[in-house]
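Only one structure is covered here, and it is reproduced in the block below.
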Amino acid sequence: MNLTSRLKSRINAFLSNPQLSQGMSKWSSKVLIVSVGLTITISGVRQIGLLQSWELHAFDWLVSLRLPEKQDHRLLVVGFTDDDINNKIPYPLSDEKLAEVITILQDNNARVIGLDIFRDIKIGKGRPELNKAFENGNVIVGCGMSDAKKDQGIAPPSSIDPAQVGFLNVRPDHDDIIRRALLISSPPISYAQKHLCNDPQQKLQSVPFLVAQYYLPENINITVPTNNTPLKIGKTEFKRLKSNAGGYRNLDTNDYQILINYRSNPEPIEIVSFSQLLNHQVDAKIKDRAVFIGYTGTSFKDTFPTPYTKNAITPGVLIHAQVASQIISAVENGRSSQILYWDEWQDCLWILGWALVGGLLTWRRSPTWLVITSVVITMGGLFAVCWVGLNSFAYWLPMLPSFFVLVGTSVIVLWSERIRIAPEIDWDSVREEESKKKEQSERIARSEFFQQLQEKANQLQQQLIYEKHDLTQDSYYHKNYELSNELSTFDNWLEELAPKAKQMRQDWENMLTQSLAQKKESIRALAKRSQYLLNRYEDPNK
């Protein structure tokens, strides 16, 4: 028989073992029940939003670990800094100074300019010059869209074309971190002092979205989103964020919004100061760029936390520039248009898969230390998969729920299979003890045992005969009576002991087909009964 045939026969013998098949069936059923039950539990907890905060923080952590990307040189931020105030540039910025900044950018052929500074009222001199700069058509002016909390919004300049107006609103999450970008929205309610940005009849677009559209070639096709079709620029889709996207639950998605795919770079977009621009130190960097103008100094309180900067040091104008960069990069370079995510049923299947993996790691023939080591290594693998998914494919995978079911299933199955039964047991010793007890019971029950019992009975009968000849007539009957009673007692004991020994052997054979938990409960009782029979055999009077 060759090696292959021998190996095949051993595998078949192993798999055809009824004890193994029964054990595997019970173990696999337990793994399946625990995995499904824990998946349903975690998904239910997730559905009501109890895991949202944890999942968002886990998402931020993964985002912060992404590999660095190159700076986007198609955009430029002109920031009004604290140093600009020290350089005698007055705050608030006058219309005259703002017009000067825009004019320098236009003279140096900036492709499009996004203004992240409200200009609903005149400030100082220079409004005619500012209006003239707006007439160029490549300036997108920001306004503040109203909300339902008695905020009437901030109107755009009255002289500007409405096509050049976009809103500057951001939508922080409950922890104030900016993870989402609004692209299209409408004011929720109307107010008495109506203007473009508080009229519910208006469909407004954000400043970064308008800047990106203006920057891209004019012949590129833009498909307006509907209830059934997503926003599409060229061949690139920007799908509307769902209320249960990723780790979010019951999110308000009345506006058209996407998850921001931040560029992983400490300086994703170059920032220059007003002073540098006004002193013509950066003229060579302006041509053909999309330029954002806004406040970047910390004293202006226009900063927000992001997954990269949770201490609220990212200027709002830089966040808007990142959104514009995200749109332009997706259309021109094929970079992911947004952070992607699965549907809820796909998340559930993913979580169930990791729950099953956790259960399979507790294979009942593996030592406990190996199971624990395997679970820890698998947790590292889960993290690696989620990191690669986000870093390479911009997919937000449900990492935290998967961690919970992976560890939870492993612990529950391991506890029910081993720790709950006897945490102090050395299972190798148990198997050895079981083997010894089996041999002991077979020794008690085999035919030699009954032969020895019969020989002892014959000896007692012979002793009775010998004593009969040595006794007097009077004592003969008395002694005969005692020995007859003793012999009768022994015969009764022998008749009683023989079936018990047979039953003992049958009990040991039955125990071999029992589960591990039942073996544990039976082994000590059978051992005591075996010892009792041995003692009775050695001394029938006990």
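The values are calculated or read from the model by the stated rules, or taken from the named source; none is laboratory data. Computed from a predicted model, the values in this text were never measured in an experiment. All Cβ positions, even for glycine, are placed from backbone atoms using ideal geometry, and neighbour counts span all protein chains on display.
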Which helices (runs of 4 or more DSSP H) does the range 1-72 wholly contain that include 1 or more residues that are outside the structural domain of V385 (by TED's automatic domain parsing), modelled with pLDDT under 70 and over 25 Å from V411 (Cβ atoms)?
3-15, 18-47
Report the residue count in the range 354-385 for those that are within 30 Å of A181 (Cβ to Cβ) and part of a loop (DSSP other than H, G, I, E, B).
0
Would you confirm whether any residue within the range 344-354 is surrounded by fewer than 20 Cβ atoms within 10 Å (Cβ to Cβ) and within 28 Å of S185 (Cβ to Cβ)?
yes
Among the numbered criteria (1) part of a strand (DSSP E or B); (2) on the phi > 0 side of the Ramachandran plot, which single criterion is violated by G124?
(1)
Which numbered condition A284 misses (of (1) crowded, with 18+ Cβ neighbours inside 10 Å; (2) more than 26 Å from C143 (Cα to Cα); (3) of a type in the set (G, A, S)):
(1)
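Residues of the range 296-353 being assigned to a helix (DSSP H, G or I) and within 24 Å of P401 (Cβ to Cβ), which ones?
Across the range 296-353, the qualifying residues are E344, W345, Q346, D347, C348, L349, W350, I351, L352, G353.
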Count of the range 287-303 residues which are modelled with pLDDT of 95 or more and either surrounded by fewer than 21 Cβ atoms within 10 Å (Cβ to Cβ) or not assigned by TED's automatic domain parsing to the domain that holds S329 (or both)
2
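Taking D116, is it modelled with pLDDT of 95 or more and either assigned by TED's automatic domain parsing to the domain that holds Q276 or buried (at least 19 other Cβ atoms within 10 Å of the Cβ) (or both)? Steps first, answer last, please.
On the way: modelled with pLDDT of 95 or more: yes; either assigned by TED's automatic domain parsing to the domain that holds Q276 or buried (at least 19 other Cβ atoms within 10 Å of the Cβ) (or both): yes.
Yes; evaluated as a whole, the condition is true for this residue.
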Of all the residues that make up the range 40-56, how many are of a type in the set (S, T, Y) and more than 17 Å from W345 (Cα to Cα)?
1
Strands (runs of 3 or more DSSP E) fully within the range 172-259 counting 2 or more residues that are closer than 25 Å to G144 by Cβ and in the same structural domain as S146 (by TED's automatic domain parsing):
180-185, 256-259
